[in-house]
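Everything on this sheet refers to the single structure shown next.
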Amino acid sequence: MGRAKKIFTNGRVILMLIFIALALLAISPTIKTEGVAITFVEKGSAADIAGIQKPPGGANPRSLEVIKRIDNYFIADEADYFAAIKAINKSVVENQLSEKVVVITTNKKLYTVLLESVVDEKRTGEYVIKNITTEKNVTQIINGSKVVALENITEEVREAETIKTVLGIQNLGIRVVKAPGSNLRKGIDLAGGVRVLLQPEVELDDKNMSLIIKIMENRLNHLGLANINIRKVTNIKGDQFISVEVTGFNEKQVVNLLSQQGKFEAKIANQTVFVGGKDIKNVCTSSQCSRIESCSRSGNQIFCNYFFQVTISPESAQRFAEITEKLEVIPSEDPTNPVLSEKIDFFLDDQYEQSLSISADLKGKPETTVRITGSAIGKDEDEARINSRDEIQNLQAILLTGSIPVKMNIVQSDAFSPILGKEALNNTILVGLLSILGVAAIIFIRFRKLAISIPVMITMLIEVFLILGFAAFFGWELDLVALAGIIIATGTGVDDQIVIADEVLTGKKRFESWKTRIKKAFFIIIGAYLTTIAGIFPLFWAGAGLLKGFAFTTIVGVSFGVLITRPAFARIVKVLLKE
Amino acid sequence: MKHQEKLENIENVDSSKTEEEERKETPKKENVAENEELFEKKEPKVEIIKEKKKKKKFFFKKREEKEKVKREKPIKEKKPKKLYQWLLLIPFIILILAIVQICVQSATTGDFIYRDASLKGGSTITVYKVIEPGQLQESLQAKFPDKSIVVKKLNKAGKQAGVIIDVDIDINKREDRDSFEAGLLEVSPVELTQDDYDIRSMGSTLGEGFFKEVVIAMVIAFVLMGVVVFGYFRNFVPSIAVILAAFSDIVITLAIVNILGIRISIAGIAAFLMLIGYSIDTDILLSTRVLKTKESNVKSRIKSAMKTGLTMTFTTLAAVSIAFFVSTAPPIKQIMTILLIGLIVDLMNTWIQNAGILRWFAERKFKHGQS
């Protein structure tokens, strides 16, 4: 007991314990995690209206709001979440409900979310005669005096008959991930996802840079992907890059969306009516006004036609009116529906995409709703439909966000499978643990003293823990190379502990004082430390920061070792060897 | 306690024989084996870069001659060359061979290392399914005859865990990449889904730029390290010896990596930088023990340093080789491969080269100090 007291009352050991506590606080691990964490809430969505808060950028994983229950469904992971949404959707379709109130229970609050149904209206081709009765004030002259009286007037109205079918429920408008078990952030190669590095063709000032980042973020948000991390990076020469990391696995779509400048123009007779971005007020995403219409075979490929509606600004609508005013009405294939002499042409990045006839009744009208159509191909209908859906999303994102002012070149793109990432992480943890055991075995063979090999092992584990705590505190992402850095940093740590142990043991024999021995050991340790730092330091800038994680964990690891764990280790060894 | 007594005994019996024997036994054998391997593989290529080689050799001859002159001084005064002085030749010969290898490599391939897609531009596809690499390479090559495709095996604990495909696809040609991906799925003997592989693509300009940058980073790292060493020891010869050891470590490891035909990735470069830090630990330990310890003679100081240093290297070797065998992640595997080679090379460079120079320096200084 005396020894334990000696160890735990020492300043250096106490300092180490304080750091361990801080690391624990920063990581804040939990053993059991249940629920899904909300990472994003779409503005104006049902969830947003119900008061669910969007987490601030860079929020700690453990501080995210976690959904525990939706109605009567308990949510343990992402699969449960999607199953619950599907079940709710199914009940709405089965019972043809026009809306549905869903109760979402999170770890913080209870929300009541009103979800509207998505309804498809189809004309049956029949017409119904409806009697519409309205009340009107009618002035009558009765007995020479004016009397104002209310009278019911019934009018006959001919209306197209429609059938309404409930297709499903409105989107909740949130993105979720499995509730994280700690504040540690996995790098994209471990979490699975896409990492794209883009380089602008000309140098950008800060204003343009943040504008472009904003546009990219909006575009990706529109895709509804899980997590997005966009940031500016520079290399040694000062070249600018934008690094985009997206979890969820559709590399092709992400690259497409980011590499396109996305300059969308609608022209009539070579005069611009509206452009993507500033002239677009809204893009309709519900299935009523955005869907795939028909698919047909052509050769060995299938074409699918799609459309969606956009709302343009009043100024653009005015331009439309002015231009169409001068056009002539010509007959079209459909005799009941004459069209204007010029079509509306769509251009994307200065390339002609599609033309649409303009109905004659729109002539000279400031029309704000514009229908945009297109088609996608595939080798079978499924593929054609998926491609159409991707194209709709892509076009909508571009129309909403406008064009990126500068051409961006893709200079690097990595796609990682989430399943493989998980395997790689488990494998690396195993590697780490086995390595620590291996080192402890060699130490035991060499010193034949448990009083040395056990503290060495514990110190290694503590160092790993402190590095992880530091990474969690600063929100650093741990990728594979960073994990290699951790293994290496603790390896250097072991070297230093051997120096301490040897210096203590052999110095004792030379009748040197404890102080001289430790001083000499630390002279070696500090020298080795400084040279390691010198070796790793330049990596902070090289290669657009791709090895930053490695440099970070190594430098933090060896620094923690030299400043915190090794002095404590020296003390513990001293007490255990009865000095 | 027993252990210490033993140590004491050995030190008290101040016999140079046991020490020399010990040294002959342990590191020399390995080094000779490496030496021969280098010789065998390098000889046929030597002619091509005769001139370069001559230059380098000349440079080192000069250095060696200088050293010889210095070494001969005390010899003239007293006894013949000691064994450790002869042993000093081994690391220098290997260093020269390594430089020759790197020169041959540069002359024949235009590059002093084999770069993978991450440093050159192109795509790397890592498939975590057991596929015969040779066959896959053939069928891919047949399908894409204008591409340069390299398929390598990915091992875990001695067993195949997957394949790594390197292909020179231009990142700006999306169609190429999509058709290659589709082609891979088609020719693969095992059915693959998107979850079975990772793809990393690097633009050639960025890859090139990156490569240049890390080379610059490495030079900066080396210079910084040198400054730290000089500042730390404030003594010319020992500092130069430490820097020379680190330099030899990197150059010889690089040559061996080349001979093994390993294609270096970004992670591999990190490993080389790490090697600077790692290999120097033992050199600093050695120099400190020799220069800062007052008691006993130089030989036993080196010996005590060796005891500590070998433990250090062997613990690291244990960790690194476990990681090398168990890991499946290509970046980690490559880092560990390079460290494994580097640490073995460092055994020679620290305990023969650096220790030899230091011993010669310290013994001479000791004499001068007395006279």
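Numerical summary
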{"quantity": "Of the criteria (1) farther than 13 Å from B:Gln334 by Cα; (2) within 14 Å of chain A (Cβ to nearest Cβ); (3) not acidic (Asp, Glu), which one B:Ala267 fails", "calculated": "(1)"}
{"quantity": "Elements of type strands (runs of 3 or more DSSP E) in segment A:142-217, at least 1 residues being within 15 Å of A:Ile228 (Cβ to Cβ) and within 18 Å of the chain's Cα centre (by Cα)", "calculated": "A:174-178, A:193-200"}
{"quantity": "Answer residue from segment B:191-237, given it is of a type in the set (S, T, N, Q) and over 17 Å from B:Leu285 (Cα atoms) and is surrounded by the fewest Cβ atoms within 10 Å (Cβ to Cβ) among those", "calculated": "B:Thr193"}
{"quantity": "Number of positions in segment A:35-56 that are within 20 Å of A:Ala76 (Cβ to Cβ) and either polar (S, T, N, Q) or surrounded by fewer than 17 Cβ atoms within 10 Å (Cβ to Cβ) (or both)", "calculated": "1"}
{"quantity": "Pair list, Cβ < 6 Å and 6+ apart or interchain, from segment A:176-202 residues that are within 12 Å of chain B (Cβ to nearest Cβ) and closer than 21 Å to A:Leu24 by Cα to residues that are assigned to a strand (DSSP E or B) and at pLDDT below 85", "calculated": "A:Gly187/A:Glu477"}
{"quantity": "Within segment A:326-370, tally of residues that are assigned to a loop (DSSP other than H, G, I, E, B) and out of contact with any Gly (no Cβ under 8 Å at 6 or more places or on another chain)", "calculated": "23"}
{"quantity": "Test set (1) farther than 27 Å from B:Gly121 by Cα; (2) in the same structural domain as A:Gln253 (by TED's automatic domain parsing); (3) crowded, with 18+ Cβ neighbours inside 10 Å - A:Pro200 fails condition number", "calculated": "(1)"}
{"quantity": "Residue within segment B:279-293 that is surrounded by fewer than 24 Cβ atoms within 10 Å (Cβ to Cβ), without any contact (Cβ under 8 Å) to a residue 60 or more places away in the chain and in a helix (DSSP H, G or I) present", "calculated": "yes"}
{"quantity": "Subset of segment A:31-54 [in a loop (DSSP other than H, G, I, E, B), closer than 26 Å to A:Ser117 by Cβ and at pLDDT 85 or above]", "calculated": "A:Ala50, A:Gly51, A:Ile52, A:Gln53"}
{"quantity": "Residue match in segment A:380-394 (condition: at pLDDT 80 or above, assigned to a strand (DSSP E or B) and β-branched (Val, Ile, Thr))", "calculated": "no"}
{"quantity": "The listed residue being of a type outside the set (A, V, I, L, M) and either at pLDDT below 85 or in a strand (DSSP E or B) (or both), out of B:Gln135, B:Gln160", "calculated": "B:Gln160"}
{"quantity": "Any hit, segment B:333-341, residues being more than 24 Å from B:Leu244 (Cβ to Cβ), within 14 Å of chain A (Cβ to nearest Cβ), crowded, with 24+ Cβ neighbours inside 10 Å and among the hydrophobic types (A, V, I, L, M, F, W, C)", "calculated": "yes"}
{"quantity": "Lone qualifier among B:Thr308, B:Thr350, B:Thr316 - being within 17 Å of the chain's Cα centre (by Cα), buried (at least 22 other Cβ atoms within 10 Å of the Cβ), part of a helix (DSSP H, G or I) and at the interface with another protein chain (Cβ under 10 Å from one of its Cβ atoms)", "calculated": "B:Thr316"}
{"quantity": "Condition broken by A:Ile323, with the remaining ones in (1) in contact with a helix residue (DSSP H, G or I) (Cβ under 9 Å, 6 or more places away or on another chain); (2) not in a strand (DSSP E or B) satisfied", "calculated": "(1)"}
{"quantity": "Test for A:Ile525: is it closer than 30 Å to A:Leu197 by Cβ, more than 7 Å from chain B (Cβ to nearest Cβ) and modelled with pLDDT of 85 or more", "calculated": "no"}
{"quantity": "Check on A:Ala397, crowded, with 16+ Cβ neighbours inside 10 Å, away from chain B (no Cβ under 14 Å), under 26 Å from the mean Cα position of the chain (by Cα) and not basic (Lys, Arg)", "calculated": "yes"}
{"quantity": "Residues that are touching a residue at least 40 places away in the same chain (Cβ under 8 Å), within 7 Å of another protein chain (Cβ to nearest Cβ), over 30 Å from A:Gln240 (Cβ atoms) and of a type in the set (A, V, I, L, M), drawn from segment A:401-432", "calculated": "A:Ile419, A:Leu420, A:Ala424, A:Val431"}
{"quantity": "Residue check for B:Asp281: among the charged types (D, E, K, R), at pLDDT below 90 and under 21 Å from A:Asp496 (Cα atoms)", "calculated": "yes"}
{"quantity": "Count - residues of segment A:328-350 that are surrounded by 13 or more Cβ atoms within 10 Å (Cβ to Cβ) and either under 13 Å from A:Lys267 (Cβ atoms) or among the basic types (Lys, Arg) (or both)", "calculated": "7"}
{"quantity": "Condition met for B:Gly226 (within 29 Å of A:Val255 (Cβ to Cβ) and not basic (Lys, Arg))", "calculated": "no"}
{"quantity": "Unique match (being surrounded by fewer than 16 Cβ atoms within 10 Å (Cβ to Cβ) and either more than 26 Å from B:Ile332 (Cα to Cα) or within 14 Å of chain A (Cβ to nearest Cβ) (or both)) among B:Pro91, B:Pro145", "calculated": "B:Pro145"}
{"quantity": "Selection within segment A:282-331 - touching a Pro at 6+ places or on another chain (Cβ under 7 Å) and either among the polar types (S, T, N, Q) or not assigned by TED's automatic domain parsing to the domain that holds A:Arg385 (or both)", "calculated": "A:Gln318"}
{"quantity": "Any chance A:Gly475 is outside any helix (DSSP H, G or I) and closer than 24 Å to B:Ala329 by Cα", "calculated": "yes"}
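The rows are residues; the columns are (1) within 7 Å of chain A (Cβ to nearest Cβ); (2) touching a residue at least 12 places away in the same chain (Cβ under 8 Å); (3) farther than 23 Å from B:Ile94 by Cα.
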{"residue": "B:Glu208", "(1), (2), (3)": "no, yes, yes"}
{"residue": "B:Phe211", "(1), (2), (3)": "no, yes, yes"}
{"residue": "B:Met218", "(1), (2), (3)": "no, yes, no"}
{"residue": "B:Val229", "(1), (2), (3)": "yes, yes, yes"}
{"residue": "B:Tyr232", "(1), (2), (3)": "yes, yes, yes"}
{"residue": "B:Val237", "(1), (2), (3)": "no, yes, no"}
{"residue": "B:Ala241", "(1), (2), (3)": "no, yes, no"}
{"residue": "B:Ala246", "(1), (2), (3)": "no, yes, no"}
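To keep it simple, each residue is scored yes or no on (1) at pLDDT 90 or above; (2) outside the structural domain of A:Asn221 (by TED's automatic domain parsing); (3) among the aliphatic types (A, V, I, L, M); (4) crowded, with 23+ Cβ neighbours inside 10 Å.
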residue	(1), (2), (3), (4)
A:Ala424	no, yes, yes, yes
A:Leu430	yes, yes, yes, no
A:Val439	no, yes, yes, yes
A:Lys449	no, yes, no, no
A:Ile458	no, yes, yes, no
A:Leu478	no, yes, yes, yes
A:Val481	no, yes, yes, yes
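The values are calculated or read from the model by the stated rules, or taken from the named source; none is laboratory data. This one's a predicted model, so the numbers in the text were calculated from it and none came from an experiment. With ideal geometry, Cβ positions are generated from the backbone for all residues, glycine too; neighbour counts draw on all protein chains shown.
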